[in-house]
Amino acid sequence: AIHEEEDKEEDLQSRPPVVTVMGHVDHGKTSLLDYIRNSNVIAGEAGGITQHIGAYNVKLDDGRRITFLDTPGHEAFTAMRARGAQMTDIAIIIVAADDNVMPQTVEAINHASAAGVPIVFAINKIDKPNANPDKIKEELANMNYLVEDWGGKYQSQEISAKKGTGVHELMEKVLLEAELLDLKANPNRKATGTIIESTLDKGRGYVATVLVQNGTLHKGDIVLAGTNHGRVKAMFNERNARIDSAGPSAPVQILGLNGAPQAGDTFHVMDTEQEAREIANKREQLQRELGLRTHKLLTL
Ligand code: GDP
């Protein structure tokens, strides 16, 4: 069966926050994620994360961790809202200080608010001579998003994603927000989580990047993911290192599924392969029938 029993309070342990960066195109989302991925504000683990995967986990000097979802656009939110699953704990909304609060900024703010996800504002490109962070704060205030240094409740940080200025402070603010959320999970149970992305790799077969949200995923586990299933043959972290297990808030690439589940699909670890296959097949059949019915309705 799918294991969905509630965890007892005493089994829960704190877990890292899962963070999404959103904002208007060209305001610096990619630059910020790249800087964090490669930078030396992140402790140890020399060399940074070279490969581009849909999620990665970074460790600060003091050992605290943050997981970043690097999904294009608002996918993470859309998938999360459609399925009622909460993938993102905190949203960083990035706004370029040499521009304005733009339609996509407003949309991102609305998405996060509607999902009840706390926001931290990153006011970017402050290295530019024409940067005007106060103007951005004023525009946010006019939308009823008053930042902390103006007496409001929203944390904000002026940054240069290009130079790295303020990025460490931004991480601190994200972690402060995470502390308030008191995020917890039970590492000692069968894993559950969400598919971030999946592809068919020529050499390796189906590769799925998943976010473990509760429990611990182990090599050899039997996974049911949407209409797909399989035994985890191998697991890799964001540094492409082979790992044997991944706990709460860890993003991990898994090999061994019999297909490519969709982004936003949930996954569960099952007791037997037969059970996983049966449920996957049933779901697929249901999807086919529903698809046929929808098709009939559309062509009526
Ligand atoms: P995205 O569309 O939000 O992912 O934006 P990008 O990260 O691709 O950045 C858009 C452009 O702004 C690129 O040319 C970046 O080099 C530039 N950019 C991003 N952050 C900064 C910054 O902090 N300072 C300056 N001067 N340029 C930046």
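Throughout, read-outs are computed from the coordinates displayed, never taken from laboratory work. Bear in mind the structure is a predicted one, so any value in this text is a computation, not a measurement. Note: ideal-geometry Cβ built from the backbone for every residue, glycine included; neighbour counts use all protein chains shown.
Values as computed for the structure displayed
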quantity	calculated
Estimated distance in nm for a label pair at Asp127 and Glu148, the labels positioned 7 Å out from Cα along Cα-to-Cβ	2.5
Distance violations [Cα-Cα > 26 Å] among Lys173/Lys219; Lys184/Lys219; Lys163/Lys202; Lys184/Lys282; Lys162/Lys202; Lys137/Lys173	Lys173/Lys219; Lys163/Lys202; Lys184/Lys282; Lys162/Lys202
Most positive-pole-ward Cα, Val21, Gln274, Ile254, against dipole of the chain from beta carbon charges	Gln274
Of Gly256, Gly226, Gly203, the one that fluctuates the most in a GNM where the chain has Cα springs shorter than 10 Å	Gly203
Sites Ser39 and Arg204 - FRET efficiency at Förster radius 30 Å, r taken between beta-carbons, to 0.05	0.55
Percent of beta bridges antiparallel (DSSP, the range 117-263, rounded to nearest 5)	80
Sum of -39500 (n - 2.57) over DSSP H runs of 4+, divided by residues of the chain (222 nm, nearest 500)	-9000 deg cm²/dmol
Sites Ile243 and Lys184, calculated FRET efficiency, Cβ-Cβ separation with R0 25 Å, nearest 0.05	0.65
Cβ-derived FRET efficiency at R0 22 Å, Thr78 paired with Glu138, nearest 0.05	0.15
Antiparallel DSSP beta bridges within the chain, percent to nearest 5	65
GNM result for the chain, Cα springs below 10 Å: residue of Ala115, Ala241, Ala91 fluctuating most strongly	Ala241
Pairs of alpha carbons in the range 223-300 whose separation is greater than 19 Å (percent)	47
Rg over Rh [alpha-carbon atoms, Kirkwood Rh] for the chain	1.00
